[in-house]
Each structure stands twice: as C-alpha cells, then as structure tokens.
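Everything on this sheet refers to the single structure shown next.
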Amino acid sequence: MLVIVGSVNADLFFNPDHLPGPGATVLCPDYTVHTGGKGANQAVAAARAGASVAMVGAVGDDVFAATARQTLAAAGVDVGGLITSPGGTGAAVVAVDGRGENQIIVASGANGRVSLAQVEALDFGTVTTLLLQMEIRRAVVEAAIDRAAAAGVRVVLNLAPAAPLDPARLSRVDVLIANRGEADSLVPEANDALQQARLLAARHGLLAVVTLGADGAVAADDAGHAWRVVAPPVTAIDTVGAGDAFVGALAAALDCGRPMARALAEASVAGAHACTQRGPQTSPTADGIAAALANLDGNDLVQLV
C-alpha cells in the first residue's frame, strides 16, 4: 500500500493569452475548476499508474470538499484518511498562457490543519511506501518521516515547495525528489543538476532525483550510481501537474517493485503525458505508460552516467 500524506486543493484555472506582469490585469473568456494539490495530484497519478493508494489529508466543509473526495475516489484512491475540517478547502488560482507556462497562487485552507493525530493513527504495518510533499505543516511531514522510517517503510519525499529540513531527518528519507531550485536550497554549492543529485545522495544516504522539466531528470544513489532521464517529446499545452505526475508514477513504480531504471522511465512518460492535456490530474494509466514505453527504446529514456 502506497500512502500519501499531503495536500488537497480546488484549483481554479484561467487561460489568458499571456501571463500578467506586476500590477497588470489580463482577461480570458472563462475558467474551469479542477481538484488539485500536490498530495492529491500525486495520489491520482500513482493510482492510475497501478499502485494501491490511500490518501491522508484534510478538506474543508465548503462546496469544493465533495468534489475533491469524489475525484480522488473515482481514480481509485482510498479517501478514508481524509478528514473534514471547518473552513475552506485548500485552493489555488492557476493561470496558464498559450505556451503552457503558468503562475500559481495557493491558499492552504484545510491543508494547514492536517494533524499529527492523523499520522499517529496510521497503521504502518500495512504501508509499504509513504509519499510526502511540503504543502502541509512541516511538523506533520517530519513526524510522518520519523514514524515510517522507524517502521521500515520506504519514505519518498518531494521537497516541493522548498523548505528547510533537519539533515538527520533527511537521512531517514529513501527517495528525495526536487527540481533544480528546490535542490539548490539544500546544496547551493553544486554546479549542475547531476552534482546536486550526487551530493544529496552521498550526504543523506538516499536516492536523489532532480527534475528538469522538458529536459527530463537526473538521479543518483548513495552507491555511486547515476542516471540521466530524457523526457519523451510531446506538444505541451499545460505544464501544471507534470511534476506531480512524475512523482506519483515514480513512487508507484517503486512500490510495485520496478527496477530503478524502469521506474524512472515510467515517471518520465507520465510527466510528459500530463503536459498534453489541461488540468493538474491528467496522468496516464498503467496501460498508457506501458504502451508509450513499448513505442520507445528504454535505453534512449534512461542511461547510466
């Protein structure tokens, strides 16, 4: 069982021709509402990729809460760990321009009320992988890392958005996933993404993955192995949620026992596919990932370096 402790949002999407600069206003014809939040996005991606997934988090008692629950459940995610907290569900305003670039403002809402008690209530005897992000309170993330590590559960941490963590606690993480900017917050002395991954892996005894958007990703483990991952070419119309699709698919592949190279390839395909549709939860199914990989040379996607 893959358990995600993380955020659930209602995302309001706007599609202007161009993104506004400071003090500017732009108009667009309409907007749409989707379920989002890094935790929920990654839960949906992992479930679609074939993992057995449960979500732990919080929604409000507003009009967005039922939709958030229903969307997760429809993707096959167990929502028994979602509590209802008085107040608003987390929300994000997302603007995506004609090139697929985006600007996002997030209000934490109920995500700020995900509690230590929810982590303490988890039966880690039934959990094989725990996936975390940084859109809930840091104290809850840290407690979840500690409990899972003590139980021998694989811990996957997506350091997004970037936040400081005690180095000793990072050393209890098994897989750390970050983009260039997030990784830079931990190893500012690194010259490039591969060096970031190698330094993080060596310092904390983990597998470090640094994502690079359209340029793919790099990864390194503490045994000295490193991989370069290429993103399959796609026509991107919306990059929102692509990173979450990558993270969710990677966690799912690892939870299902895939070798590292295969897991990275599946994550790369999922992240690229998510860019071809609008919305934050557009990751492909396990069959879709397998079909895409069948049409690609795996050696072209993931190479040892």
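Quick note: the coordinates plus some simple rules give every number you see, no bench work behind them. Keep in mind it's a predicted model, so treat the numbers as computed, not measured. All Cβ positions, even for glycine, are placed from backbone atoms using ideal geometry, and neighbour counts span all protein chains on display.
Observations on the structure shown:
- Comparing His18, Gly80, Pro29 along the charge dipole axis of the range 5-99, the residue lying farthest to the positive side is Gly80, per the Cβ-charge model.
- The ellipsoid that matches the Cα gyration tensor of the range 165-221 has semi-axes, each √(5λ) in whole angstrom, of 17, 11, 10, with the longest given first.
- Amide H contacts of Gly81 (H built 1.01 Å from N, in plane; Pro and chain starts excluded): Met55 sit under 5 Å, all sequence-distant by 5 or more or on other chains.
- Placing unit charges on the Cβ atoms of the charged side chains and taking the dipole of the chain about its Cα centre, the candidate lying farthest along the positive direction among Ser7, Thr285, Ala144 is Ala144.
- For the range 2-304, the relative contact order works out to 18 percent when only alpha carbon pairs closer than 8 Å and six or more residues apart are counted.
- Rounded, prolate or oblate (a/c below 1.5 giving rounded, otherwise prolate when a/b exceeds b/c) for the range 74-189 by Cα gyration tensor: oblate
- Cβ crowding within 10 Å averaged over residues, with 209-218, 135-144, 49-58 ranked highest first: 49-58, 209-218, 135-144
- Charge dipole (the chain, unit charges on Cβ, about Cα centre) - positive-most of Ala201, Ile105, Thr71: Ala201
- Just so you know, the Rg over Rh for the range 2-304 is 0.95, from Cα atoms, with Rh as the Kirkwood radius.
- Ellipsoid fit via the Cα gyration tensor, the range 152-192: semi-axes of 19, 11, 9 Å, each the root of five times an eigenvalue, largest first.
- The alpha carbon radius of gyration of the range 222-305, expressed as a multiple of 2.2 N^0.38 Å, is 1.04.
- For Ser185, Ser115, Ser268, the sequence from fewest to most other C-beta atoms within 10 Å is Ser185, Ser115, Ser268.
- Cβ-Cβ FRET estimate between Asp30 and Met1, R0 fixed at 41 Å, reported to 0.05: 0.55
- Bridge type composition, the chain - antiparallel percent by DSSP, nearest 5: 45 percent
- Computed magnitude of the charge dipole of the range 2-304 (debye, nearest 20; Cβ of K, R +1, Cβ of D, E -1): 380 debye
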